[in-house]
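Encoded as structure tokens, the structure appears first; notes follow it.
The values are calculated or read from the model by the stated rules, or taken from the named source; none is laboratory data. This one's a predicted model, so the numbers in the text were calculated from it and none came from an experiment. Here the Cβ positions follow ideal geometry from the backbone for every residue, glycine too, while neighbour counts run over all protein chains shown.
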Amino acid sequence: MPRYFLHIRNSPQRLEDLEGSELPDAAAAQEEAVSSAVDLICDRLQEGWFQSGREIFGSSIEVTDESGKLVYTFPFSDVLTNG
């Protein structure tokens, strides 16, 4: 089964997913990215990031395959427009 890596981009920083996840295909990796983004946003909102003015919706999850090729990017701001 292929391994995909879900990195968190908060320009200019990128938090690397060093372990990755074995997923059946790129579509499953895309679903995992969206689900992970929603979970992270909810966690940050509960921590009060919105009230403190800290940026959350400028971040994204970048999915790469085992070779490091970018296969999908999910901007956190899409949660607001696709909700």
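Applying the selection to region 6-26, what residues are assigned to a strand (DSSP E or B) and either among the hydrophobic types (A, V, I, L, M, F, W, C) or under 17 Å from residue 76 (Cα atoms) (or both)?
Going through region 6-26, the residues assigned to a strand (DSSP E or B) turn out to be 6-10, 13-15, 21-22.
Within region 6-26, 6, 7, 8, 9, 10, 13, 14, 15 meet the criteria.
Search region 45-67 for residues that are at pLDDT 75 or above and pair each with any residue that is of a type in the set (Val, Ile, Thr) and assigned to a strand (DSSP E or B) when their beta-carbon atoms are under 7 Å apart and the residues are at least 6 apart or on different chains.
59/8; 60/73; 61/8; 62/73; 63/71; 64/71; 65/71
Quick one: in region 27-43, which of the residues that are among the acidic types (Asp, Glu) and more than 14 Å from residue 71 (Cα to Cα) is modelled with the highest pLDDT? Before the answer, list the steps.
Restricting attention to region 27-43, the residues satisfying the condition of being among the acidic types (Asp, Glu) are 31-32, 39, 43.
Subset that is more than 14 Å from residue 71 (Cα to Cα): 39, 43.
Numbers: 39: 90, 43: 84.
Of everything passing the filter in region 27-43, 39 is modelled with the highest pLDDT.
Out of the residues in region 16-26 that are of a type in the set (A, V, I, L, M) and surrounded by 13 or more Cβ atoms within 10 Å (Cβ to Cβ), which is farthest from residue 71 (Cα to Cα)? Write out each step before concluding.
Residues of region 16-26 that are of a type in the set (A, V, I, L, M), as a first pass: 18, 23, 26.
In the following step, the residues that additionally are surrounded by 13 or more Cβ atoms within 10 Å (Cβ to Cβ) were identified as 23, 26.
Numbers: 23: 13, 26: 7 Å.
Within region 16-26, the match that is farthest from residue 71 (Cα to Cα) is 23.
For (1) exposed (fewer than 12 other Cβ atoms within 10 Å of the Cβ); (2) more than 13 Å from the chain's Cα centre (by Cα); (3) in contact (Cβ under 8 Å) with a residue 60 or more places away in the chain; (4) assigned to a loop (DSSP other than H, G, I, E, B), each residue gets a yes or a no:
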position	(1), (2), (3), (4)
4	no, no, yes, no
28	no, yes, no, no
41	no, no, no, no
72	no, no, no, no
